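Peer 1: Please see the structure below; I have some questions.
The values are calculated or read from the model by the stated rules, or taken from the named source; none is laboratory data. It should be emphasised that the depicted structure is a prediction, and the values quoted were computed from it without experimental measurement. No Cβ is skipped: glycine too gets one built from the backbone with ideal geometry, and neighbour counts run over all protein chains shown. With ligands, DNA and RNA removed, areas are computed over all heavy atoms of the protein, side chains included. Shrake-Rupley method; radii C 1.70, N 1.55, O 1.52, S 1.80 Å.
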Amino acid sequence: EPSPDERQFDDLIAADSRIEPRDWMPDAYRKTLVRQISQHAHSEIIGMQPEANWITRAPSLKRKAILMAKVQDEAGHGLYLYSAAQTLGTPRDEMTEALIAGKARYSSIFNYPTPTWADMGAIGWLVDGAAICNQVPLCRASYGPYGRAMVRICKEESFHQRQGFEILLELMRGTDAQRAMAQDAVDRWYWPALQMFGPPDDASPNSAQSMAWNIKRFSNDELRQRFVSMLVPQAEVLGVTLPDPKLRLDEETGQYEMSEIDWTEFNEVLAGRGPMNAQRLQRRRDAHEDGAWVREAAAEYARKQAAAREV
Ligand code: 3HC
């Protein structure tokens, strides 16, 4: 017989209502939210690195200013999401320590290098494009603080995607070398971007429960399909080729047929053996150490303020 608390929680979920921090919730609901929201936050913070690589080398002041604004946005998204996770009772330090110790997941996509300027376009168009497909439904996640954080993040993500598309469009209207650089970046980022949506539905252990709790609104494969159907017409406008010779729309089903995704590569990246995993974590550790003096100074200042109030 469910307890009154369980009944209230089940009624809120059945009515597709919001669960707020002060509401009773099953431990497993709390746990999966901390898992997903902290991972999402880690992804935003680590995701600053691939793009930061080009801030000092942007081809114009305009591009430099836009890229700086985007990287700052990602930092802000990370802080919103850590704050949302904290409402579930997990301290910020605990999440940071887990990431620093290499014990926390973050999105596979940020473990790839950014060797050319065109990568800034491919990341904006493909990675932020995929993030939008994944994040818009999360605005309706049953957990209030998470859904509300997503609303603000999605507004900024749309700008990120547009500026990436525009970088590629400018390159594709440039010299042959610029066109080749843009196509090369699309070739390198297309498949990792598809993997952002997670494993296939039949290999997705969290999906069923996440969907039952109105956290995940669409399955991994559904969102992957939605993303590809958004990309195809945009690739035509850009004049780039999506690197999948088997990609074709099945008129009957409205679904895109595509080549097999390399899940071995995906699992290698998740195991920490991707092209840039070590560098991304080392950079995050260095930033944590370099920033220790700021945390100590702020804590000392807060202590002195508290002491002054006591006298
Ligand atoms: N990278 C790393 N780990 C991944 C992953 C990916 N791309 N896709 C799946 N996984 C992990 C899951 O975390 C899970 O492992 P865990 O149980 O140890 O956490 C395992 O693989 C199985 O996957 P499931 O499908 O069962 O897991 P989920 O139901 O959690 O679905 C998800 C995965 C779709 C990524 C979901 O967690 C999600 O929607 N997360 C929030 C969105 C997010 O994190 N997006 C990252 C994009 S980065 C970003 O938004 C920055 C932007 O500004 C560019």
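Peer 1: When you look at P113, is it open to solvent by 50 Å² or more (accessible area, probe 1.4 Å) and touching a residue at least 40 places away in the same chain (Cβ under 8 Å), yes or no?
Peer 2: yes
Peer 1: For a quick check of your reading of the model, give me the residue pairs whose first member lies in region 263-276 and is among the charged types (D, E, K, R), whose second is open to solvent by less than 50 Å² (accessible area, probe 1.4 Å) and within 13 Å of the ligand (Cβ to nearest atom), with beta-carbon atoms closer than 7 Å and at least 6 apart or on different chains.
Peer 2: That search, which allows pairs on different chains as well, returns E268/G274.
Peer 1: Would you be able to tell me the number of residues in region 116-132 that are surrounded by fewer than 22 Cβ atoms within 10 Å (Cβ to Cβ) and among the hydrophobic types (A, V, I, L, M, F, W, C)?
Peer 2: 2
Peer 1: Restricting to region 175-208, name every residue that is open to solvent by less than 30 Å² (accessible area, probe 1.4 Å) and either out of contact with any helix residue (DSSP H, G or I) (no Cβ under 7 Å at 6 or more places or on another chain) or away from the ligand (no atom under 16 Å from the Cβ) (or both).
Peer 2: Once the filter is applied, which keeps residues that are open to solvent by less than 30 Å² (accessible area, probe 1.4 Å) and either out of contact with any helix residue (DSSP H, G or I) (no Cβ under 7 Å at 6 or more places or on another chain) or away from the ligand (no atom under 16 Å from the Cβ) (or both), region 175-208 yields A182, V186.
Peer 1: Hey, does region 11-22 have a residue that's closer than 18 Å to I100 by Cβ and open to solvent by 20 Å² or more (accessible area, probe 1.4 Å)?
Peer 2: No; the residues of region 11-22 include none that is closer than 18 Å to I100 by Cβ and open to solvent by 20 Å² or more (accessible area, probe 1.4 Å).
Peer 1: Hey, any hits in region 268-287 for a residue that's under 30 Å from S229 (Cβ atoms), open to solvent by 50 Å² or more (accessible area, probe 1.4 Å), at pLDDT 95 or above and not in a helix (DSSP H, G or I)?
Peer 2: Within region 268-287, one or more residues are under 30 Å from S229 (Cβ atoms), open to solvent by 50 Å² or more (accessible area, probe 1.4 Å), at pLDDT 95 or above and not in a helix (DSSP H, G or I).
Peer 1: Report every pair of residues separated by at least 6 positions or lying on different chains whose Cβ atoms are under 6 Å apart, first residue within region 44-72 and under 24 Å from Q279 (Cβ atoms), second part of a loop (DSSP other than H, G, I, E, B) and within 10 Å of the ligand (Cβ to nearest atom).
Peer 2: I46/Y106
Peer 1: Of the conditions (1) farther than 15 Å from P192 by Cβ; (2) small (G, A, S); (3) in a helix (DSSP H, G or I); (4) away from the ligand (no atom under 11 Å from the Cβ), A122 clears all except one; give me its number.
Peer 2: (1)
Peer 1: Quick check, is V269 over 22 Å from the mean Cα position of the chain (by Cα), within 28 Å of S158 (Cβ to Cβ) and among the β-branched types (V, I, T)?
Peer 2: In short, no.
Peer 1: Further question on the same structure: Please tell me if I261 is within 15 Å of the ligand (Cβ to nearest atom), open to solvent by less than 60 Å² (accessible area, probe 1.4 Å) and farther than 30 Å from D16 by Cα.
Peer 2: When the stated conditions are applied, I261 passes them.
Peer 1: Which one is nearest to A84 (Cα to Cα) among residues in region 155-167 that are within 12 Å of the ligand (Cβ to nearest atom) and crowded, with 18+ Cβ neighbours inside 10 Å?
Peer 2: Checking each candidate, the answer is E157.
Peer 1: Within region 29-38, which residues are crowded, with 21+ Cβ neighbours inside 10 Å, more than 22 Å from A287 (Cα to Cα) and within 9 Å of the ligand (Cβ to nearest atom)?
Peer 2: Result: Q36, single match.
Peer 1: How many residues are farther than 24 Å from E251 by Cα, assigned to a loop (DSSP other than H, G, I, E, B) and more than 6 Å from the ligand (Cβ to nearest atom) if we restrict to region 209-229?
Peer 2: Adding up the residues that qualify gives 4.
Peer 1: Okay, moving on. Six or more apart or on different chains, Cβ atoms under 6 Å: show the pairs whose first residue is in region 221-250 and within 15 Å of Q195 (Cβ to Cβ) and whose second is exposed (fewer than 13 other Cβ atoms within 10 Å of the Cβ) and among the hydroxyl-bearing types (S, T, Y).
Peer 2: D244/S259
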